[in-house]
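To start, the structure under review is shown below, and the notes come after it.
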Ligand SMILES: Nc1nc2c(ncn2[C@@H]2O[C@H](COP(=O)(O)OP(=O)(O)O)[C@@H](O)[C@H]2O)c(=O)[nH]1
Ligand SMILES: [Mg+2]
Ligand SMILES: [Zn+2]
């Protein structure tokens, strides 16, 4: 019996890094199904597992998945009961965004952040391709930094062409399991190659493009970092979508809206057009950024398809 951590899953086979530093190709014991989670993959990237080497065949079989500290799910489609565990036991998530090539909308960022809040995973924002930014873009960049900084989300400026910002990321990622998400083409794979040059992963927006919006066709992979820790890339998965949330709990995951909501006249205020709403007051005074409030309204409006 050996203990290890799952680096990659292809649906039926798993690459497991065992405690003694050897990577084993494992299958899964037929009976291994997590009872409460019948409609998902039983083993995910980041899982700690116990596996055994069959003395007859020499093949390795995962016999147990240890308790997860957390996991991030993705529904196969809006209607499906099936979902995929993207990754488990994550210490932090980074959303990589760019202001140009492509532009990541604020609403997308907010959808990501509220999902991270719902999963209780700390989130930060990496703003890449700063080498391309005009003065106008820098102004947008500063706006985002201030808007998200104020409510406690770190923004890290990065240029993988100029190699600036990498040291900061080393510091933040050291000895942790980090997941990177973001639009196709923002530079996730390029970042991984910079963090660990021996990976030599294929970059270029085209390779991911065809995978977008379809059913689960790609599998996230976890990479070991030379400075300690692991980073998970999620090709073809732009964001987590919005986790299933009730309308009356969405505002719980907008940090500043939740705090302001304590001052609302009605305990069941949804901060739409109720009288005595402290959230709207805060928006009018500029204490809550209008862009954040707009994201809230759009998410309440419920068209989640565009941003899945
Ligand atoms: N100008 C500029 N281009 C970058 C930077 N980082 C990545 N790119 C380019 O953006 C494209 C997409 O990068 P890739 O890593 O494949 O993005 P992914 O889809 O998020 O994995 C590639 O052509 C990269 O060379 C950067 O900091 N500046
Ligand atoms: Mg990529
Ligand atoms: Zn209110």
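Quote to one decimal, in nm, the extra length available between residue 300 and residue 50 on full extension: 0.36 nm per residue of separation minus the C-alpha distance between them.
85.8 nm
Under 18 Å from the 7 Å Cα→Cβ point of residue 1, by amide nitrogen: which residues of region 38-57?
Under cut-off, by backbone N: 48-55.
On full extension of the chain, what length is gained from residue 164 through residue 194, given 0.36 nm per residue of separation minus the C-alpha to C-alpha distance?
9.7 nm
Quick one: work out Rg over Rh on the C-alpha atoms of region 2-67, Rh as Kirkwood radius.
0.94
If the convex hull of the alpha-carbon atoms of region 247-307 is projected onto planes in all directions, what is the mean projected area in square nanometres?
Computing the convex hull of the Cα atoms and averaging its projections yields 4.0 nm².
Sort 186-197, 130-141 for me by packing, meaning the mean count of neighbouring Cβ atoms within 10 Å per residue, highest on top.
Going from most to least packed, we get 186-197, 130-141.
Jot down the radius of gyration and Dmax of region 83-158, Cα atoms only, both in angstrom.
Gyration radius and largest Cα-Cα distance of region 83-158: 13.2, 43 Å.
Compare the peptides 257-268, 109-120, 146-157 by average per-residue count of other Cβ atoms within 10 angstrom and give them in order, highest first.
So the order, starting with the most tightly packed, is 109-120, 146-157, 257-268.
Over region 247-307, calculate the relative contact order: mean separation of alpha carbon pairs under 8 Å at least 6 apart, over the residue count, as a percent.
For region 247-307, the relative contact order is 28 percent.
Give the Cα extents of region 90-233 along the principal axes, in whole Å, largest first.
35, 33, 32
Mind checking Rg over Rh on the chain, alpha carbons, Kirkwood formula for Rh?
Rg/Rh: 1.00.
Can you say what percent of the DSSP beta bridges in the chain, counting only those with both residues inside, are antiparallel? Round to 5.
Rounded to the nearest five, the antiparallel share is 60 percent.
Full-extension gain between residue 136 and residue 81, please, as 0.36 nm times their residue separation minus the C-alpha to C-alpha distance.
Length gained, residue 136 through residue 81: 15.4 nm.
Here, each number is a calculation from the coordinates, and none is a lab measurement. Small disclaimer: the values here were computed from a predicted structure and weren't measured. Every residue, glycine among them, receives a Cβ derived from its backbone with ideal geometry; neighbour counts consider all protein chains shown.
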